[in-house]
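Structure first, commentary second.
The values are calculated or read from the model by the stated rules, or taken from the named source; none is laboratory data. Model, not experiment: these values are computed from the prediction. Here the Cβ positions follow ideal geometry from the backbone for every residue, glycine too, while neighbour counts run over all protein chains shown.
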Amino acid sequence: MTSSTITPTLPDARTRLKVTAVHGSPALLSLIAMVVIFAVAVANQPGILSVPGLTLMLMSAVPLVLATQAQMLIMSVGDIDLGIGYLVGFVTVIAATVLQSSPLLGILILGVIVIAYAALGAIIQKRNVPSIIVTLGMSFVWLGLGLQFLPTPGGEAPAWLAAIGRWRPDWVPAPLVFILVATLLGWLIARRSRLGTRMRALGSSPATLEKLGWSLTRTRVLTYVIAAALIIAAGLMLASQTRSGDINSASNFTLMTIAAVILGGGNFSGGRALPLGATLGAVTLGLITVLLSLINLSSSLQSAAQGLIVLAVLAGRVITERAIRS
């Protein structure tokens, strides 16, 4: 009897190049779109090329980047959070009311939000309930609570929080520092930690993760806990900028964070987390809003124009990926 040995074949250089390009091109397209939008904005308003100009242009992107990193983590396990927008708004309400008058109670409420997200993760995993149903339901909870605490926009952010929003170093745009820190934090969690590896495995191959002895419930719960912390950070950052609270102040974040993750190379099926791409997607969407304001486009057309630009970038991603694979 003869025995045959099967020698595994390694992919050749061309195959490896294709794989790298397919994973890297989505974020690259988002970067190109961001550069183009920034160039058009500078052409319309040259004063942007200064520390104060860049500060004003990037300020609104900071809370969106933090919220997008949270959405990226949740999408990496194959879920989608449809409650992010109202939760960010609820955090601004807590910051402008309870956190101002009773700091300990405010911190306790923020802690309860983290616990609630841990419970959401457990319910989704244990009961096999679609995340979009659970998080959509929670979005109405956050909306109701926000209106109960602060029916109309107002309140006042604590002095220490407002000081963060007023921080303006002379040598670098403050929003750029916050964006870099948020991206680094997302990268450390999603790409450099064991938990990040488990998150991606849960989204792409949960059966394999379970065979390796890891708890699927624990992984999903920890993902939701970290995402909740990032969402709270986004809400606090938004409150530091507006210095007030408004439950509707980030209602568009839900769809914008999903779009930013997809623009940056993510997908709906899970298994992929690209922090830099997610940041590029979020900043691109933020710059689109600023650009449309600079060119004095009517507010009734801004949403339509923003949607068309996003669709154009996504179409470019699809065409590029298909061309590379072929």
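A few remarks follow.
- Subset of segment 262-305 (residues that are closer than 21 Å to Trp187 by Cα, assigned to a loop (DSSP other than H, G, I, E, B) and more than 12 Å from the chain's Cα centre (by Cα)): Gly265, Asn267, Phe268, Ser269, Gly270, Gly271, Arg272
- Failed item in (1) over 22 Å from Ala27 (Cα atoms); (2) modelled with pLDDT of 95 or more, with Ala227 passing the rest: (1)
- Failed item in (1) over 17 Å from Thr254 (Cβ atoms); (2) touching a Gly at 6+ places or on another chain (Cβ under 8 Å); (3) at pLDDT 95 or above, with Val114 passing the rest: (2)
- Here the condition is being outside any helix (DSSP H, G or I), modelled with pLDDT of 55 or more and surrounded by 12 or more Cβ atoms within 10 Å (Cβ to Cβ); of Ile74, Ile32, Ile80, it holds for Ile80 alone.
- Matching residues in segment 139-153 - criterion: being assigned to a helix (DSSP H, G or I) and within 15 Å of Ala250 (Cβ to Cβ): Ser139, Trp142, Leu143, Leu145, Gly146, Leu147
- Single residue of segment 83-119 satisfying the filter (of a type in the set (Gly, Ala, Ser) and free of Cβ contacts under 8 Å to residues at least 60 places away in the same chain) that is surrounded by the most Cβ atoms within 10 Å (Cβ to Cβ): Gly106
- Residue check for Gly271: modelled with pLDDT under 95, touching a helix residue (DSSP H, G or I) at 6+ places or on another chain (Cβ under 9 Å) and at positive phi: yes
- Residue within segment 241-251 that is outside any loop (DSSP other than H, G, I, E, B) and over 26 Å from Pro153 (Cβ atoms) present: no
- Verdict on Gly265 being more than 25 Å from Pro151 (Cα to Cα), of a type in the set (Gly, Ala, Ser), at pLDDT below 95 and surrounded by fewer than 19 Cβ atoms within 10 Å (Cβ to Cβ): no
Conditions (1) closer than 18 Å to Val77 by Cα; (2) within 24 Å of the chain's Cα centre (by Cα); (3) modelled with pLDDT of 95 or more, marked per residue:
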| residue | (1), (2), (3) |
| --- | --- |
| Val93 | no, yes, yes |
| Thr97 | no, no, yes |
| Leu104 | no, no, yes |
| Leu110 | no, yes, yes |
| Gln125 | yes, yes, yes |
| Gly144 | no, yes, yes |
| Phe149 | no, no, yes |
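- Within segment 189-213, tally of residues that are over 19 Å from Leu120 (Cα atoms) and surrounded by fewer than 21 Cβ atoms within 10 Å (Cβ to Cβ): 14
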